[in-house]
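J.: Dumping the structure here so I can ask a few things about it.
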Amino acid sequence: MPNTPHLLASVDLGSNSFRLIVGRVEETPAGAQIYQVDALREAVRLAAGLSADKMLDRASQVRAWDALKRFGERLRDFHPDHVRAVATNTLRVAKNAPEFLVEAQSALGFPIEVIAGREEARLIYAGAAHSVPAISGKRLVVDIGGGSTEFIIGQHYTPLVMESLYIGCVSHSRAFFPAGNVDDYTMRQAELAAKREIQIISREYKQAGWDQAIGSSGTARALAELVEANGFNDPGVTHGISRGGLERLKRALIKAENVNRLKLVALKPDRVPVLAGGLSIMLAVFEELGIDYVDTTDGALRLGVLYDLLGRTQHEDMRAVTVEGFMRRYGVDRAQAERIADLAVGFYDQLGEPDAERASEGRMFLGWAAALHEIGLSISHSAYHKHSAYIASNADMPGFSRTDQARLAVLVLGHAGKLGKLAQTREVEWPLLFCLRLAALLCRRRTDAGLPGIRVAKSNGGYEVRLPNEWVAGNPLTDYSLIQEAAEWEKVGIRYRVIYTDE
């Protein structure tokens with residue numbers, strides 16, 4: 001496939017570690033395969049800098065920025081379409097995440113997407129499924145991160161059940177082992193706290209069932225290395241993690257009384273501060289879900305991001321699949337959605353965005369906004385655009401980052417009604433909104449009745465719309481609506497002129 005990029009890169013801003021991997025894309029008769037050619041990992045411990053009031057402290061931010069600058073040097077020659085950076089739980093909850101991300105994106109040199117928990121779970125499963133041998137049955141993937149733990153049951157490359165719980169090795173270590181001290185009572189309390197969270201999902205997961213359990217990424221790999229290297233696993237188990245192996249590791253940790261005094265083969269210094277928390281969560285996973293053994297893989301979120309990015313470069317964007325699913329679920333009037341999308345994109349092209357990449361992205365978001373602008377009708381016709389925006393903002397939308405969903409929600413909310421409601425919105429993409437609102441206004445009749453040649457342009461910091469005078473005279477409702485629309489834009493300080501021509 002000639003358009004397949006030779007190299008792709010993903011950056012994972014985890015709550016404990018930041019990771020960068022570079023993969024080489026190889027086409028095979030069975031499809032594209034990604035082979036890792038470079039990797040960087042830095043133990044930033046971002047979650048350790050999160051205060052009780054959900055603010056990231058300065059020290060953790062500086063560690064993160066410094067790491068991203070180093071990653072940025074490695075990615076300096078990459079095309080923006082071939083790099084995707086995602087952030088997880090800590091930046092989902094940190095109140096000052098927006099301010100942090102401004103500097104973080106500048107340091108990395110690429111946009112950073114904060115992804116929702118279930119989107120993280122979807123990408124984790126994609127990475128894990130591509131890094132382990134195929135099986136005919138279902139597999140359970142558990143990924144214990146720094147601030148959250150993801151649970152996914154899937155088959156082949158398709159996730160079937162996904163959840164993200166707010167328990168992680170960094171947050172759990174801070175809560176129960178702040179000074180590194182470990183005893184029977186504290187360890188049991190940490191396990192019980194994790195079990196209480198897992199109990200929320202355990203019944204559903206046990207009913208779904210699985211044939212293979214896999215622990216993915218840092219915590220699982222670190223625990224596996226410890227039980228393997230120190231002979232803690234059950235007899236006959238040469239790799240992976242057995243229940244007995246975890247229990248023997250726990251006894252060794254309790255005997256040491258403090259994680260900093262633990263002397264074990266394969267214990268890496270950067271894992272010491274989060275070992276007790278990660279171990280207690282894994283013990284709870286085994287006990288609550290009735291697991292005796294898990295295999296492990298290092299392929300997780302960052303590899304899943306690469307495969308998702310590969311899909312986008314090959315025009316198999318998961319976001320398009322999600323929008324299609326939403327259109328079906330909410331019974332969208334497909335003809336109307338396509339009518340508005342075609343018209344809005346045509347107007348956008350007339351405005352002449354000079355940056356080709358921004359123009360391509362703008363067309364995509366206009367199409368998605370047109371497809372979803374009426375999903376709120378499933379709730380109520382009154383203020384349906386607000387319901388549509390709420391769904392777009394808060395629903396689980398595989399492939400979409402939180403930033404993507406926020407952009408989409410603003411367009412959907414603003415496509416009709418008063419513009420003043422957007423006054424508190426940080427970033428409104430006015431050119432896109434202008435095109436979408438005008439298209440929706442002109443398609444009010446919901447028919448394919450021919451529209452005349454309509455020209456739009458930017459003018460003196462605002463917009464102008466040119467229509468044939470003869471056509472306007474025969475469409476008084478549209479004329480009236482355009483006058484109201486111009487007044488609405490003037491209220492928010494943006495010039496909007498409607499010009500009638502004799503063409």
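Here, each number is a calculation from the coordinates, and none is a lab measurement. The structure presented is a predicted model; accordingly, all values stated were derived computationally and were not measured. Every residue, glycine among them, receives a Cβ derived from its backbone with ideal geometry; neighbour counts consider all protein chains shown.
J.: Once the Cα atoms of helix 217-229 and of the chain are each reduced to a long axis, what angle between those two axes, in degrees from 0 to 90 to the nearest 10, is obtained?
T.: 10 degrees
J.: Related question: Only helical DSSP H runs with n ≥ 4 go in: add -39500 (n - 2.57) per run for the chain, normalise by residue count and round the 222 nm mean residue ellipticity to 500 deg cm²/dmol.
T.: Result for the chain, helices only: -15500 deg cm²/dmol.
J.: Among DSSP beta bridges whose residues both lie in the stretch 1-147, state the antiparallel percentage, nearest 5.
T.: In the stretch 1-147, DSSP labels about 70 percent of beta bridges as antiparallel.
J.: In nm, give the distance between the simple-model label positions of Arg188 and Ser380, each being 7 Å from the Cα along the Cα-to-Cβ direction.
T.: In this crude label model, Arg188 to Ser380 measures out at 5.2 nm.
J.: In addition: State to the nearest 20 debye the size of the charge dipole of the chain about its Cα centre, where the only charges are +1 on K and R beta carbons and -1 on D and E beta carbons.
T.: Computed charge dipole of the chain: roughly 1080 debye.
J.: Would you mind getting me the FRET efficiency between Arg455 and Tyr330? Use the beta-carbon distance for r and R0 = 35 Å, nearest 0.05.
T.: 0.55
J.: Specify the inter-centroid distance of the stretch 111-149 and the stretch 210-258, based on alpha-carbon positions, in whole Å.
T.: One Cα centre to the other: 20 Å.
J.: Let me ask something additional. Picking from Val83, Ala94, Ile115, whose Cα lies most toward the positive end of the charge dipole for the chain (charges on Cβ: Lys, Arg +1; Asp, Glu -1)?
T.: Ala94
J.: So for the chain, considering every pair of alpha-carbon atoms, how many percent are separated by more than 45 Å?
T.: Pairs farther apart than 45 Å: 22 percent.
J.: Expected output is a single nm value to one decimal: the length gained when fully extending between Ala32 and Val472, i.e. 0.36 nm times separation in residues minus the C-alpha distance. What is it?
T.: 153.1 nm
J.: Something else now. How high is the relative contact order of the stretch 317-501, given as a whole-number percent (alpha carbon pairs under 8 Å, six or more residues apart)?
T.: 20 percent
J.: Under a 5 Å amide H to amide H cut-off, with H placed in plane at 1.01 Å, what residues pair with Ala85 once short-range neighbours are removed?
T.: Under 5 Å from the amide H of Ala85: Val11, Glu113.
J.: Follow-up question, since we're still on this one. Indicate, rounded to the nearest 5 percent, the antiparallel portion of the DSSP beta bridges found entirely in the chain.
T.: If I count the DSSP bridges inside the chain, around 65 percent turn out antiparallel.
J.: Related question: Could you pull out the trypsin sites (Lys or Arg not before Pro) across the stretch 409-503 that fall in loop regions by DSSP (anything but H, G, I, E, B) with no more than 14 other Cβ atoms inside 10 Å? If you can, show how the numbers build up before the last one.
T.: Details: sites: Lys418, Lys421, Arg426, Arg437, Arg444, Arg445, Arg446, Arg455, Lys458, Arg466, Lys491, Arg495, Arg497; in loops: Lys418, Arg426, Arg444, Arg445, Arg446, Arg495.
Here the sparse-neighbourhood loop sites are Lys418, Arg426, Arg444, Arg445, Arg446, Arg495.
J.: If you don't mind, there's one more thing I want to ask. Give the residues of the stretch 456-478 whose amide nitrogen is closer than 17 Å to a point set 7 Å from the Cα of Val498 in the direction of its Cβ.
T.: Once the point is set 7 Å along Cα→Cβ of Val498, 456-457, 463-478 turn out to lie under 17 Å by backbone N, inside the stretch 456-478.
J.: Roughly what angle does helix 272-289 make with the longest principal axis of the chain, taking Cα atoms, 0 to 90 degrees, to the nearest 10?
T.: 80 degrees
J.: Another one. Please name which of Ala359, Leu301, Ser17 has its Cα lying farthest along the dipole of the chain towards the positive end, using unit charges on Cβ (Lys, Arg +1; Asp, Glu -1) and the Cα centre as origin.
T.: Ser17
J.: Which of the pairs Lys195/Lys250; Lys95/Lys195; Lys418/Lys491 have their Cα atoms more than 19 Å apart in this structure?
T.: Pairs exceeding 19 Å: Lys95/Lys195.
J.: About the Cα centre, and with charges only on the beta carbon of Lys, Arg (+1) and Asp, Glu (-1), how big is the dipole of the stretch 132-298? Nearest 20 debye, please.
T.: Numbers: 18 positive and 20 negative charges, 67 e Å.
Dipole about the Cα centre, nearest 20: 320 debye.
J.: Suppose every K and R has +1 on its Cβ and every D and E has -1 on its Cβ; what is the size of the dipole of the stretch 317-501 about the Cα centre, in Debye to the nearest 20?
T.: Charge dipole, the stretch 317-501, about its Cα centre: 460 debye, nearest 20.
J.: Moving to a separate point now. Relative to the longest principal Cα axis of the chain, at what angle does helix 402-414 sit, 0 to 90 degrees, rounded to 10?
T.: Orientation of helix 402-414: about 20 degrees from the principal axis.
J.: Taking the number of other C-beta atoms within 10 Å as the exposure measure, put Asp183, Asp295 in order starting with the fewest.
T.: Asp183, Asp295
J.: Can you find, among Gly474, Val428, Gly311, the residue sitting farthest towards the positive end of the charge dipole of the chain, where Lys and Arg contribute +1 and Asp and Glu -1 at Cβ?
T.: About the Cα centre, the residue reaching furthest to the positive side is Val428.
J.: Work out how much length Ala266 to Ser106 would gain on full extension: take 0.36 nm times their residue separation and subtract the Cα-Cα distance, in nm to one decimal.
T.: 54.0 nm
J.: Shifting gears a bit: Restricting to the stretch 372-503, what percent of DSSP beta bridges are antiparallel, rounded to 5?
T.: Details: 5 of 11 bridges.
Here the antiparallel bridges make up roughly 45 percent for the stretch 372-503.
J.: Relative contact order for the stretch 413-469: what is it in percent, counting Cα pairs under 8 Å that are at least 6 residues apart?
T.: Relative contact order for the stretch 413-469 comes out at 23 percent.
J.: I'd like the distance between the alpha-carbon centres of the stretch 340-397 and the stretch 457-474, rounded to an integer number of Å.
T.: Measuring centre to centre over Cα atoms gives 22 Å.
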